[in-house]
Amino acid sequence: MELVFPCLQSGGLFRSADYEIVAFRGVVENAAGEKTLEARVRLQNPCPLCGARHEYAAAELPCPFEAGDPGGRNPSGESGP
Ligand SMILES: [Zn+2]
């Protein structure tokens, strides 16, 4: 599965499917009650934009583990005269 990564050097975006999940520690809740995914995503190939091998916090990326979380759901009903 391809993810979109931001280049930490140039600020550009690129797609890659060559990454690995490292330091996976699951979902952690902080003092403010916010849940974040505690894991690191490391590129297995050099960045196509700058050549470095970036590493990201999973919470900063559109991670597949977080898919399905309803951000904003509109209440239905109250339709019609
Ligand atoms: Zn880069």
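The values are calculated or read from the model by the stated rules, or taken from the named source; none is laboratory data. Quantities reported herein were computed from a predicted structural model and do not represent experimental measurements. When we count neighbours, we look across all protein chains shown, and the Cβ atoms used for this are built from the backbone with ideal geometry, even at glycine.
Is it the case that the stretch 59-78 has a residue that's modelled with pLDDT of 80 or more and in contact with an Asp or Glu (Cβ under 9 Å, 6 or more places away or on another chain)?
no
Exactly one condition in (1) assigned to a strand (DSSP E or B); (2) within 14 Å of the ligand (Cβ to nearest atom); (3) not hydroxyl-bearing (Ser, Thr, Tyr) is not met by Ile21; state its number.
(2)
Could you check how many residues of the stretch 30-56 are touching a helix residue (DSSP H, G or I) at 6+ places or on another chain (Cβ under 6 Å), of a type in the set (A, V, I, L, M) and not in a loop (DSSP other than H, G, I, E, B)? Full working, then the answer.
Within the stretch 30-56, the subset touching a helix residue (DSSP H, G or I) at 6+ places or on another chain (Cβ under 6 Å) is 36-37, 39, 41.
Add one more test, that the residue is of a type in the set (A, V, I, L, M), and what stays is 37, 39, 41.
Right, trim to not in a loop (DSSP other than H, G, I, E, B) and you get 37, 41.
Residues in the stretch 30-56 being touching a helix residue (DSSP H, G or I) at 6+ places or on another chain (Cβ under 6 Å), of a type in the set (A, V, I, L, M) and not in a loop (DSSP other than H, G, I, E, B): 2 in total.
Note down all Cβ pairs under 7 Å where the first residue falls in the stretch 1-18 and is more than 11 Å from Leu43 (Cβ to Cβ), the second is of a type in the set (D, E, K, R) and assigned to a strand (DSSP E or B), and they're at least six residues apart or on different chains.
Pairs that qualify, where the first residue is more than 11 Å from Leu43 (Cβ to Cβ) and the partner is of a type in the set (D, E, K, R) and assigned to a strand (DSSP E or B), are Glu2/Arg15; Val4/Arg15.
Could you look through the stretch 17-61, keep only residues that are over 17 Å from Val4 (Cβ atoms) and of a type in the set (S, T, N, Q), and pick out the one that is surrounded by the most Cβ atoms within 10 Å (Cβ to Cβ)?
Applying the filter and picking the extreme gives Thr36.
Do the conditions hold for Ala52, that is, is it without any contact (Cβ under 8 Å) to a residue 60 or more places away in the chain and more than 9 Å from the ligand (Cβ to nearest atom)?
On the way: without any contact (Cβ under 8 Å) to a residue 60 or more places away in the chain: yes; more than 9 Å from the ligand (Cβ to nearest atom): no.
Criteria not met by Ala52.
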